[in-house]
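Worksheet: one structure, shown below.
The values are calculated or read from the model by the stated rules, or taken from the named source; none is laboratory data. All values reported here derive from a predicted model rather than from experimental measurement. Backbone-built Cβ (ideal geometry, glycine too); neighbour counts: all protein chains shown.
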Amino acid sequence: MATGDQYQGKEGLTWNYVYQGGYTTGDYKSGARLYERIGPDIILSGHWQPLRLTPEYLQKIAADAETLDRLYRELLPDSADFGAEGCIVRIRPYQITASAGETISFEVELRNPFPNPEQAQVQVVAPLGWNVNPGIQTLQISGVHWLLFKVTAAGTAVRRARLAMDVTIAGQRFGQQAEALVTILPASATSNPMSNWYGDASLNWKNSTPNLASGGDFFAGDMG
C-alpha cells in the first residue's frame with residue numbers, strides 16, 4: 001500500500017502532517033483504522049524504504065494517534081473549535097493572475113467553529129479602489145458553508161496584491177482569517193505574454209502592493 005508522506009523515518013512512526021494540507025484532529029486515527037482494514041503486506045512511503053506491516057506496528061500507530069488527538073484537545077481552546085489547523089476560512093484560488101479591469105471569481109470555504117448553527121458575517125478586505133461584489137455577506141451557518149464573491153481590480157498593474165476575509169461568527173470577531181494573492185498584469189505583459197515584467201523594479205513587492213482597506217491587522221491564515 002502506498003501511503004505517501006503520512007509518516008516519516010525508517011521505522012515509519014514519525015508524524016508528518018502539514019497544516020496547510022488540511023490536517024485535522026482524527027486524521028491519524030482514521031488512517032490507523034484504514035491500515036488495519038486493508039491489511040497490506042508492505043507499506044511504501046514517499047521517501048523511505050518499504051516497511052513490512054506487523055500487528056505491533058498497527059498497535060503502535062493506533063496508540064500514537066490517540067495520543068496526538070488527546071494533546072490537541074488539551075492544548076486547543078474550548079471556546080471555539082478551530083481544529084488542528086487553526087483556521088476556519090479558505091479562499092480559492094489562492095493565487096491568480098488577471099488583466100486590469102477583469103472580474104475574478106473566488107470561492108470561500110467557511111467553517112463554523114461552534115457546535116450550534118450561528119450567524120456569520122464575512123467581509124472581503126481588498127486593496128483600495130478595487131470593486132468587490134458582494135463586499136459583505138451575512139448568513140446562518142452550520143458545519144461547513146461555501147460562498148462566492150467577485151473582484152474587479154483597478155487599472156494599476158500589481159504583483160501579488162492581497163485579499164483577505166474578515167470573519168465574525170456568533171458576534172465574536174475572529175479578524176482576517178484567510179488571504180488570496182492577485183497579480184494584475186500591465187498592458188505590455190497583456191499584449192506580450194512572453195515579456196518578463198517581473199524584472200521591472202517598479203513592480204517589486206514593496207512598491208506594488210497597495211494598502212489594504214481598513215478592517216484590522218492582516219493575518220496570513222491561509223498560507224498555502
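For residues that are among the hydrophobic types (A, V, I, L, M, F, W, C) and surrounded by fewer than 23 Cβ atoms within 10 Å (Cβ to Cβ), scanning just the stretch 168-181, find the one that is nearest to the chain's Cα centre (by Cα).
Leu181
Any idea which residue in the stretch 52-80 is modelled with the highest pLDDT, counting only those that are part of a loop (DSSP other than H, G, I, E, B) and surrounded by 15 or more Cβ atoms within 10 Å (Cβ to Cβ)?
Leu53
Being within 14 Å of Glu66 (Cα to Cα), of a type outside the set (Lys, Arg) and at pLDDT below 85: is that true of Gly26 here?
Here the answer is yes, as Gly26 does meet what is asked.
Among the strands (runs of 3 or more DSSP E) confined wholly to the stretch 94-149, which include 1 or more residues that are within 24 Å of Ala170 (Cβ to Cβ) and under 17 Å from the mean Cα position of the chain (by Cα)?
The qualifying strands (runs of 3 or more DSSP E) are 103-111, 118-125.
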